[in-house]
Amino acid sequence: MPRANYNDLVAFLAVAREGSFTKAAARLNVTQSALSHSIRGLEARLNIRLFHRTTRSVSLTEAGERLRIRVAPQFEEIDLALDALGELRDRPSGTIRITCGAHGIDTVLWPRLSKLLPKYPDIRVELIADNRFRDIAAERFDAGVRLGEQVAQGMVSVPIGTDMRMAAVASPAYLSGRDEIRTPKDLANHRCINLRFLTHGGLYAWEFEKRRRELRAHVEGQLVFNDTRHAIRAAMDGFGLAYVPEDMVTNHVEKGQLVRVLEDWCPPFPGYHLYYSSRRKPSQAFGILVDALRH
């Protein structure tokens, strides 16, 4: 392929990563029509279709997936080489892409990045709020942030947050006059607010533990959300019990807006970890960021 057409590969990877021509065009700062033209030209030169397109979705064909697997790591190496050149300058520089859930960004990443970045104006950070487990190498992320127990093997894992706990909560009005909740099995007699995350596919099972006895409760209720903040609001409005990170409801509990139940069934578990490929040679900018986040 002529060297002048390498930009089409960048366009291809952007669409493959985003699963959307609209999002990819915004990321590359080009028009959607220009991006579509690049992809059509690449497919014409290769004489093979790379994407399945419908009015609602874009997905890779078998040929497209093969190309992504082969090409994505090469472009990652190019990015690393360019970042390494920044180390020859007086100030650390480069772009660091991180995938993380919204809760992790709010509670761990942003509080520290907001203090770090003013000291290093040439370091750029791109945070992608997403609860899915992404292939950080294939999708050209420098790192991901997940709970410690969820980090895949073979990754360098750096603890960046304290241990966490979950909390089962409901409004005083909801609990008034209803059956007492002493064990997770009692949840079967109550309305619960479910969560559905893309990572799990199905509804999230509420996990409890007491004296080494573990229980997974599959609860039922009228509402399902994919964001814990909405579940908390519904619980405050009296629609049932929500099961969310403890720190997200501490203030509401202290103000009497929510009441905790099953607290003795909610032990601590490993908090957030930053993880990245063991094959990756960290740049100076990345090393500074890791040190700032390290707990």
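The values are calculated or read from the model by the stated rules, or taken from the named source; none is laboratory data. Since the structure is predicted, the reported quantities are computational estimates derived from the model, not experimental observations. Positions of Cβ are backbone-derived with ideal geometry, glycine not excepted, and every protein chain shown enters the neighbour counts.
For the range 126-155, taking the residues that are part of a loop (DSSP other than H, G, I, E, B) and aliphatic (A, V, I, L, M), the one that is surrounded by the fewest Cβ atoms within 10 Å (Cβ to Cβ) is identified as ALA152.
Taking the options LEU215, LEU187, LEU195, name whichever one is outside any loop (DSSP other than H, G, I, E, B) and either within 25 Å of GLY161 (Cβ to Cβ) or β-branched (Val, Ile, Thr) (or both).
Working: LEU215 fails: either within 25 Å of GLY161 (Cβ to Cβ) or β-branched (Val, Ile, Thr) (or both); LEU187 fails: either within 25 Å of GLY161 (Cβ to Cβ) or β-branched (Val, Ile, Thr) (or both).
That would be LEU195, the only listed residue that is outside any loop (DSSP other than H, G, I, E, B) and either within 25 Å of GLY161 (Cβ to Cβ) or β-branched (Val, Ile, Thr) (or both).
Considering GLY221, GLY287, which residue is in contact with a Lys or Arg (Cβ under 7 Å, 6 or more places away or on another chain) and without any contact (Cβ under 8 Å) to a residue 40 or more places away in the chain?
Residue meeting the stated conditions: GLY221.
For the residues ARG49, ARG56, ARG40, the requirement of being among the charged types (D, E, K, R), assigned to a helix (DSSP H, G or I) and not assigned by TED's automatic domain parsing to the domain that holds ALA137 singles out ARG40. Going by what's in this entry, would GLY177 be described as outside any helix (DSSP H, G or I) and within 27 Å of the chain's Cα centre (by Cα)? The answer is no for GLY177. With respect to being aliphatic (A, V, I, L, M), in contact with a Leu (Cβ under 9 Å, 6 or more places away or on another chain) and touching a residue at least 60 places away in the same chain (Cβ under 8 Å), MET155 falls outside the description. Of all residues being assigned to a loop (DSSP other than H, G, I, E, B) and acidic (Asp, Glu) in the range 218-257, which is nearest to ALA102 (Cα to Cα)? Just the residue, please. The qualifying residue nearest to ALA102 (Cα to Cα) is ASP227. Only one entry of GLY221, GLY144 meets the criterion of being more than 17 Å from the chain's Cα centre (by Cα) and either under 27 Å from ARG132 (Cα atoms) or not acidic (Asp, Glu) (or both), and that entry is GLY221. Of all the residues in the range 108-125, those that are among the β-branched types (Val, Ile, Thr) and assigned to a helix (DSSP H, G or I) number 1. Answer yes or no: is there a residue in the range 76-84 that is farther than 26 Å from LEU203 by Cα, within 24 Å of the chain's Cα centre (by Cα) and loosely packed, with under 15 Cβ neighbours inside 10 Å. So far as the range 76-84 goes, yes, one or more of its residues are farther than 26 Å from LEU203 by Cα, within 24 Å of the chain's Cα centre (by Cα) and loosely packed, with under 15 Cβ neighbours inside 10 Å. Residues of the range 18-50 that are surrounded by fewer than 19 Cβ atoms within 10 Å (Cβ to Cβ), within 25 Å of the chain's Cα centre (by Cα) and either more than 19 Å from ALA138 (Cβ to Cβ) or not polar (S, T, N, Q) (or both): GLU18, GLY19, THR22, LYS23, ALA26, ARG27, LEU28, ASN29.
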